[in-house]
Amino acid sequence: MKSASLPVYPKKTFYQTFSDKYDLHEKLIAFLFEMEFTSSAENESSEWNAEQHLLNYLQIYIDTCFRHPVILERITINRKSQNQLHIATPFVAKCILNLEEILVSGIANKEFRIHDVQTTSWIILHLIDDAVRITLEQDGDMEKQGKILNSVTSFIQASLTNTIVNR
């Protein structure tokens, strides 16, 4: 089992390594996000189909945003600062590429019916971000939070597979 370790930097001053404190903050959050995804993705099976990978990806993303709300806040700020739909900061790019790989695999295996992978991945991530934001406002009502997240996840799943999902 491969464990995440802190990036190793040669001995330098702070400003030789980071452009400013904001840059340090970004790198720490990106590292935290990467650690969460790496450790959670290790539980995936190579025998899973694209739909199972998608559901696992969404669960990891949701769990990570719940455990570390600063990640959701950072993703939101990064997306709002972008002028065009498909331009992502390095921080957001990794999660988009992972999702796009799953979508492309699903298309290749004829599991998903998608015409534009990039736009679809952005829509999915925005739906999940908004659902997490809404559930965080429910002040601990776990039943309501679960219903919201299950509904959004089922909606995404049904939209991609063109099936009705009952949960």
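The values are calculated or read from the model by the stated rules, or taken from the named source; none is laboratory data. Bear in mind that the values here come from a model prediction, so they are computed numbers and not experimental data. Cβ placement follows ideal geometry from the backbone for every residue including glycine, while neighbour counts extend to all protein chains displayed. Keep in mind that these areas ignore ligands, DNA and RNA; they rest on the heavy atoms of the full protein, side chains included. Shrake-Rupley method; radii C 1.70, N 1.55, O 1.52, S 1.80 Å.
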Problem set entry | Unmet criterion (only one of (1) open to solvent by 50 Å² or more (accessible area, probe 1.4 Å); (2) at pLDDT 75 or above; (3) farther than 21 Å from PRO69 by Cα) for PRO10 | (2)
Seminar exercise, completed: Here the residues within the range 141-164 that are open to solvent by 60 Å² or more (accessible area, probe 1.4 Å) and part of a helix (DSSP H, G or I) are MET142, GLU143, LYS144, LYS147, ASN150, SER151, PHE155, SER159
Exercise. Right, GLU44: modelled with pLDDT under 85, part of a helix (DSSP H, G or I) and acidic (Asp, Glu) or not?
Worked result: no
For this session: Taking only the range 19-50 into account, find how many residues are touching a residue at least 60 places away in the same chain (Cβ under 8 Å) and among the hydrophobic types (A, V, I, L, M, F, W, C).
Result: 5
For this session: With the condition kept exactly as written, say whether any residue in the range 117-136 is assigned to a loop (DSSP other than H, G, I, E, B), farther than 13 Å from LEU58 by Cα and polar (S, T, N, Q).
Result: no
Exercise. On the given criteria, is THR135 out of contact with any His (no Cβ under 8 Å at 6 or more places or on another chain), at pLDDT below 90 and open to solvent by 30 Å² or more (accessible area, probe 1.4 Å)?
Worked result: no
Seminar exercise, completed: Residue pairs qualifying under the 8 Å Cβ cut-off, at least six apart or on distinct chains, with the first in the range 97-122 being free of Cβ contacts under 8 Å to residues at least 40 places away in the same chain and within 13 Å of ILE156 (Cβ to Cβ) and the second being part of a loop (DSSP other than H, G, I, E, B) and open to solvent by 30 Å² or more (accessible area, probe 1.4 Å), are TRP122/LEU85; TRP122/HIS86
For this session: Output the qualifying pairs, or none if there are none: Cβ atoms under 6 angstrom, residues six or more apart or on different chains, first residue in the range 140-165 and at pLDDT below 90, second residue of a type in the set (S, T, N, Q) and not in a helix (DSSP H, G or I).
Result: LYS144/GLN138; GLN145/GLN138
For this session: Run PHE112 past the list (1) out of contact with any Gly (no Cβ under 8 Å at 6 or more places or on another chain); (2) farther than 16 Å from GLN59 by Cβ and report the number of the one that doesn't hold.
Result: (1)
